[in-house]
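Take a look at the structure set out below.
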Amino acid sequence: MKFTAIAGVLLTLCTTASIAQQAAKPFLFAEKQTDELLRNTAETKASSVKADVFSPRSLNPDGSLILVAPGDWCAGFFPGNLWQLYEYSGDPKWMDQAKVFTHTMEVEKEDAHSHDVGFKVYCSVGNAYRLTHDEHYKEVIIEAAKTLSTRFNPIVGCIKSWDNKKWKYPVIIDNMMNLELLFEATKLSGDSSFYKIAVTHANTTMKNHYRADYSSYHVVDYDPETGKVLHKQTAQGYADESAWARGQAWGLYGFTMCYRETGNKVYLTQAENIAKFILNNPNLPKDLVPYWDFNDPAIPNVPRDASAAAIMASALYELSTYSANGKVYKATADKILNSLNNNYQAPLDADKGFLLLHSTGNKPGNSEIDVPIIYADYYYLEALLRQKHLKQGKPVLNTAGVVKY
């Protein structure tokens, strides 16, 4: 009996150690690559004629590093990557670097010309507050939410995405991701107006962006004076009636997050239906890393989008904790991460230090096709952290040792 008990304890310890070792491999790779990316970022910035560029976004066709200014919608992801490496390792060097890059992003709390204030501020400053609870970061989040709220039109029921004369009042599915900033601001400030805007935007998006099969349009244009839908289309997908892969991922992630923040089962059902569309799609490859658009007629001879896969994996890990289909979602997310780990990672010390290859930014615009892109790395790290937490029996997202949900 004693021997059996001891054997059981040893087996448990070995299993726990094995899980830890498996989880450590992609993170050790990520730390080494990020050191390389920091080095290349410093070198590129030093030689740049643009004084305000600071954050890595992607690679040029010649392999050179693209740095962007704080106003670029992708600028907040790299600071977020640094915070996530600190969350995993506890190494203060990542916190030190994260603080430097995050500080540069704080000015974006006042950018009223872009709905991407959510991406820019929450991925950087949001992670900073989540892991430090520094009151300064809290105030930046609240100010950014106030700024984002100025783009909300109560007649339309949505936050305006682009200031572009091509459309009257365009709203893109990506905008679902910016609602997390608003939900957080209500919790931090007690001001329920942020929450109400987020819920109204989510409800309007659910009503107008989604088709009967739970695929999503990319852009819905509204009449700002009446709220009437003028046009539904895509800007970055194959065609107006096609399912742009990253857009489907944004929706899956966004409605899962909305359920977390509200407890409204309508959002849970929406997320489950979006997951069903994605995972049962006949054009989803066996490795679960989607083609850039599910309806490109040239499939399989078209680019993949590793960024969409990373977003999907992260969303599915969270959805697995809420849904009766949780085991399926978790297993699917595990398979996506396994594919990314084994077949989509950049070679060590190559590609300027990015983590994942084979993402697609804007194929119709002939921009960032089959390249590393920083937001793919961000959601990849987030998915790895969520996988790690679930394997350890912890909540999918921790905040400075305090359970958020």
> Which shape class, rounded, prolate or oblate, goes with region 135-287 when its Cα gyration tensor gives a ≥ b ≥ c as root eigenvalues, a/c under 1.5 marks rounded, and past that a/b bigger than b/c marks prolate?
Replying inline: oblate
>> Please enumerate, by chain and number, the lysines with C-alpha under 20 Å from the C-alpha of K327, excluding those fewer than 8 residues away in the same chain.
In response: K265, K276, K286, K335, K388, K391, K394
> Under a 5 Å amide H to amide H cut-off, with H placed in plane at 1.01 Å, what residues pair with D293 once short-range neighbours are removed?
Replying inline: A245
> ³J(HN,Hα) across region 68-84 via Karplus (A = 6.51, B = -1.76, C = 1.60, θ = phi - 60°), whole Hz, x for Gly/Pro?
Replying inline: 10, 7, x, x, 5, 5, 8, 5, x, 6, 5, x, x, 4, 5, 5, 5
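To two decimal places, what compactness ratio does the chain give when its Cα radius of gyration is scaled by 2.2 N^0.38 Å?
On the way: Rg = 20.7 Å, N = 405, 2.2 N^0.38 = 21.5 Å.
In units of the globular-protein estimate, the chain measures up at 0.96.
How would you classify region 271-405 from its alpha-carbon gyration tensor, with a ≥ b ≥ c the square roots of the eigenvalues: rounded for a/c under 1.5, else prolate if a/b is greater than b/c, otherwise oblate? Display every interim value, and only then the final one.
Numbers: a/c = 2.18, a/b = 1.33, b/c = 1.64.
Verdict is oblate for region 271-405.
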> Add -39500 (n - 2.57) for each DSSP H run of 4 or more in the chain, then divide by its residues: what number comes out at 222 nm, to the nearest 500 deg cm²/dmol?
Replying inline: -17000 deg cm²/dmol
>> Give me, ordered by chain and number, the residues 5 or more places off I369 or on other chains with an amide H under 5 Å from its own placed amide H.
In response: G361
> Simple spin-label model, 7 Å along Cα-to-Cβ: H231 to K265 in nm?
Replying inline: 4.0
> For H231, which sequence-distant residues (separation of 5 or more, or a different chain) have an amide H within less than 5 Å of its own amide H, given hydrogens modelled in the peptide plane?
Replying inline: D221
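Taking square-rooted eigenvalues a ≥ b ≥ c of the alpha carbon gyration tensor, is region 57-151 rounded, prolate or oblate, where a/c under 1.5 means rounded and, failing that, a/b exceeding b/c means prolate?
Working: a/c = 2.50, a/b = 1.06, b/c = 2.36.
Oblate shape, in that a/c is at least 1.5 and b/c is the bigger or equal ratio.
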> Among S242, S367, S307, whose mean-square fluctuation peaks in a Gaussian network model of the chain (Cα, cutoff 10 Å)?
Replying inline: S367
> Just how far, in whole angstrom, is region 89-147 from region 158-221 if you go by their alpha carbon centroids?
Replying inline: 21
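Based on Cβ point charges of +1 for Lys and Arg and -1 for Asp and Glu, what charge dipole magnitude is obtained for the chain about its Cα centre, in debye rounded to the nearest 20? List each step's numbers first, then the result.
On the way: 41 positive and 44 negative charges, 238 e Å.
The dipole magnitude comes to about 1140 debye.
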> What lysines sit close enough to K160 to cross-link, taking a C-alpha to C-alpha distance under 19 Å and skipping anything fewer than 8 places away on the same chain?
Replying inline: K109, K120, K146, K168, K196, K207, K228, K232
> From the residues N343, A324, N362, which one has its Cα farthest along the dipole of region 320-365 in the positive direction, the dipole being from +1 and -1 charges on Cβ of Lys/Arg and Asp/Glu about the Cα centre?
Replying inline: A324
> When ligands, DNA and RNA are left out and all protein chains stay put, how many square angstrom of accessible area per residue does the chain have with a 1.4 Å probe?
Replying inline: 41
> Which one of Y380, Y317, Y195 has the biggest mean-square fluctuation once the chain is modelled by GNM with Cα springs under 10 Å?
Replying inline: Y195
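Carbon and sulfur together cover what percent of the accessible area of region 254-405 at a 1.4 Å probe radius? The partial results should precede the final answer.
Working: 2680 of 5590 Å².
Accessible surface attributable to carbon and sulfur in region 254-405 totals 48 percent.
For region 158-225, divide the Cα radius of gyration by the Kirkwood radius and give the resulting Rg/Rh value with two decimals. If you can, show how the numbers build up before the last one.
On the way: Rg = 12.9 Å, Rh = 12.8 Å.
Rg/Rh: 1.01.
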> What is the calculated FRET efficiency for D91 to D62, with r their C-beta to C-beta distance and R₀ = 35 Å, to the nearest 0.05?
Replying inline: 0.60
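The values are calculated or read from the model by the stated rules, or taken from the named source; none is laboratory data. Bear in mind the structure is a predicted one, so any value in this text is a computation, not a measurement. Neighbour counts run over all protein chains shown; Cβ positions are idealised from the backbone, glycine included. Accessible surface areas use protein heavy atoms only, side chains included; no ligands, DNA or RNA. Shrake-Rupley method; radii C 1.70, N 1.55, O 1.52, S 1.80 Å.
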